[in-house]
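Student: To start, I am sharing the structure in question, which I have written as structure tokens.
No value in this document is a laboratory result; all are computed from the given coordinates. Here the structure is a predicted model, which means the values were calculated and not measured. Using ideal geometry, Cβ is built from the backbone for each residue, glycine included, and neighbour counts are taken over all protein chains shown.
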Amino acid sequence: MTDDTPMTGNMTDNAAAAEKPPENATVTGSSALSQDELSRLTDDIIAGLKTVYDPEIPADIYEIGLIYKIDIGDDRSVKIDMSLTSPNCPSAQELPIMVENAVASVAGVKDAKVEVVWDPPWDPSRMSDEARLVLNMW
């Protein structure tokens with residue numbers, strides 16, 4: 001058996017990377033924060049986002065793919081770009097507020113601001129496998 005894939009790191013590193021769930025949002029962070037602190041904040045922010053559910057869809061907004069970007073600033077304020085499944089979404093007023101509240105409640109976050117963006121438009125290809133399973137969209 002031959003494998004043309006180059007090996008990098010050790011097997012433990014590769015196994016850990018394979019177990020980490022794929023990110024469906026771009027995360028940028030301040031260089032003023034240590035890598036450990038940035039990783040902790042990122043994980044905690046994503047965990048907070050996963051507590052927010054679209055009232056019409058039985059999956060959280062992160063797994064649905066509505067979160068496009070998470071930017072953690074030097075002062076630990078967080079800016080989030082998110083979209084909605086449709087410009088006519090009945091939850092358009094409440095979901096961004098729910099996201100701001102969930103992220104602002106994360107320990108270490110100074111404040112959170114959400115901007116709803118429409119470019120690129122959301123489509124079902126942004127959903128994680130977990131969301132596809134919950135919504136039976138295979």
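Student: Points 7 angstrom from Cα along the Cβ direction at Ala107 and Ser125: gap in nanometres?
Tutor: 4.0 nm
Student: Can you check what the net charge comes to around Ala104, using other residues whose Cβ is under 13 Å from the Cβ of Ala104 (Lys, Arg +1; Asp, Glu -1)? Each step should come with its number before you reach the end.
Tutor: Numbers: positive: Arg76, Lys79, Lys110, Lys113; negative: Asp44, Glu100, Asp111.
Local charge sum for Ala104: +1.
Student: Can you compute 3J(HN,Hα) from phi for each residue in region 40-48, using the Karplus curve 6.51 cos²θ - 1.76 cosθ + 1.60 with θ = phi - 60°, rounded to whole Hz and x for Gly and Pro?
Tutor: Each residue's phi maps through the Karplus curve to give 4, 4, 4, 4, 5, 5, 5, 4, x Hz.
Student: What is the Cα coordinate range of region 21-134 on the first, second and third principal axes, sorted by size from largest, in whole angstrom?
Tutor: That gives 38, 28, 24 Å along the principal axes, largest extent first.
Student: To the nearest 0.05, how large is the calculated FRET efficiency for Asn88 and Glu37 if R₀ is 41 Å and r is the Cβ-Cβ distance?
Tutor: 0.55
Student: What list of ³J(HN,Hα) couplings, whole Hz, do you get for region 27-39 from phi and the Karplus terms 6.51, -1.76, 1.60, once you set θ to phi - 60° and write x for glycine and proline?
Tutor: 10, 10, x, 5, 6, 6, 8, 5, 4, 5, 5, 5, 5
Student: What is the set of long-range amide H partners of Gly29 at a cut-off below 5 Å, with H atoms built 1.01 Å from backbone N?
Tutor: Correct list: Ile72.
Student: Using modelled amide H (1.01 Å from N, peptide plane; none on Pro or chain starts), what sits under 5 Å from the amide H of Asp111, excluding residues fewer than 5 places away?
Tutor: Ser77, Val78
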